[in-house]
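Inspection log for the structure reproduced underneath, given as structure tokens.
Just so you know, all these numbers are worked out from the coordinates, no wet-lab data involved. Owing to the predicted nature of the structure, the values given are computational and were not obtained by experimental measurement. We place every Cβ from the backbone using ideal geometry, glycine too, and count neighbours over all the protein chains shown.
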Amino acid sequence: MKKLIIVTQIFIAVLILIKVVSYFGVLQKFNISADTTITSSALAQPKALPGKVASDVSVNKQAAALKTPPVVKDAMEDILLQQRDLAQALAAKKSELDNRENALRADEQRLVAMRKDITEKMAILKVQEEKLAVQLDTAREEDVKRYKEMAKVYDATPPAKAGPMMEKLDTKTAAGITMNMKKDKAGALWAYISPQKAVDITKEITRSGGYK
């Protein structure tokens with residue numbers, strides 16, 4: 001922005017200098033032409049009396065003053081008008097750049113706020129995930145502990161009686177108990193449960209990782 005203002009100021013100064021030099025050249029040319037015209041007229045006219053000569057010179061000066069166009073005045077008005085238009089254009093451009101800068105700054109602030117909000121939410125989710133993982137591990141340990149205790153009961157129960165009991169359990173519980181039983185005791189149960197129940201228990205054991 002500062003470079004643009006400096007370049008613009010230099011451009012205005014050069015423009016003014018060119019205009020002034022140009023107008024001074026036009027004015028000088030006009031004066032020379034006027035003097036030449038007056039001299040030619042004076043030589044062409046016959047000699048007059050001194051009083052009449054003074055009167056004619058006065059009249060000629062007044063006529064020349066009336067006929068002289070206001071070149072310098074118009075030139076200054078043009079320069080001022082150009083400067084005013086240029087200043088207005090620069091002000092409009094500056095306003096546009098300021099608006100863009102403000103918009104970019106607002107967008108940046110929104111992005112910073114969004115990033116902060118996302119970071120905070122991610123931190124909260126991470127804490128919740130860690131808590132949930134701890135709870136799942138605790139629940140899993142409690143389930144394993146419970147399955148082991150129940151497996152001891154099924155190990156001590158005759159297969160003919162333990163089989164019908166296992167048949168009534170849900171598949172997950174039955175698989176958990178079976179995985180924690182002694183292998184020979186668990187194998188003896190298959191003769192006292194239905195084939196479909198045995199298949200379901202086997203699938204659950206496979207899904208959960210099998211025997212430990």
Roughly how big is region 157-207's charge dipole about its Cα centre, with Cβ charges of +1 (Lys, Arg) and -1 (Asp, Glu), in debye to the nearest 20? 100
Cβ-based exposure ranking for TYR147, TYR192, in which fewest neighbours within 10 Å come first: TYR192, TYR147
Given Cβ charges of +1 for Lys and Arg and -1 for Asp and Glu, the option among THR202, LEU169, GLY187 whose Cα lies farthest towards the positive end of the dipole of region 157-207 is GLY187
Quick calc, MET122 & LYS145: beta-carbon distance into FRET formula, R0 35 Å, rounding 0.05, result 0.55
Computed over region 157-207, the relative contact order (Cα-Cα under 8 Å, seq sep at least six) in percent reads 52
Segment LYS93-ASP137, length gained on full extension (0.36 nm per residue, minus Cα span): 9.4 nm
With respect to the cross-link table entries LYS131/LYS161; LYS131/LYS182; LYS126/LYS148; LYS145/LYS168; LYS145/LYS197, which display a Cα-Cα separation exceeding 31 Å? LYS131/LYS161; LYS131/LYS182; LYS126/LYS148
Mean Cα-pair separation over length for region 67-212, i.e. relative contact order, pairs under 8 Å, 6 or more apart, %: 19
